[in-house]
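The values are calculated or read from the model by the stated rules, or taken from the named source; none is laboratory data. Just so we're clear, the structure is a prediction, and the values are computed from it rather than from any experiment. Cβ: placed from backbone, ideal geometry, glycine included. Neighbour counts: every protein chain shown. The area values use the complete protein model at the heavy-atom level, side chains included, leaving out ligands, DNA and RNA. Shrake-Rupley method; radii C 1.70, N 1.55, O 1.52, S 1.80 Å.
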Amino acid sequence: MEDTTACPICTMTDLLDGGDYHECATCGHEWDKAESGEVVVLDANGKELNKGDDVTLVKDLKINGKSGRLKAGTKIKGINLVDGDHPIDGKVEGRSMLIKAEFVKLA
Ligand SMILES: [Zn+2]
């Protein structure tokens, strides 16, 4: 799913990603992501994750309170992003889970 962030100056959505800021490809305006109120969540490869993205686990994870574990390569579809140190909110095998961003990559 595409991020629908638009340039506040020219309203075009053709944006370059400068890391912690956006740069408009149309008019060159730059602005801080933090100022725009977005939660910026980066995956294991440093790519920005957005709500609705599909991600894949990059390492095995223990499931709290259960003897099972999630295998690296498990796909999580349609994630949600939340505040905190486990910002990935996704459903794995029917269970809602919060996962650290560095344990996933964009699928
Ligand atoms: Zn612009």
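Could you list all residues from segment 1-47 that are touching a Leu at 6+ places or on another chain (Cβ under 8 Å), open to solvent by 60 Å² or more (accessible area, probe 1.4 Å), assigned to a loop (DSSP other than H, G, I, E, B) and at pLDDT 90 or above?
Within segment 1-47, 45, 47 qualify.
Among the candidates 52, 73, 65, single out the residue that is surrounded by fewer than 14 Cβ atoms within 10 Å (Cβ to Cβ) and modelled with pLDDT under 85. Break it down into steps so the answer makes sense when it comes.
Values: 52 fails: modelled with pLDDT under 85; 73 fails: modelled with pLDDT under 85.
Being surrounded by fewer than 14 Cβ atoms within 10 Å (Cβ to Cβ) and modelled with pLDDT under 85 holds for just one of 52, 73, 65, which is 65.
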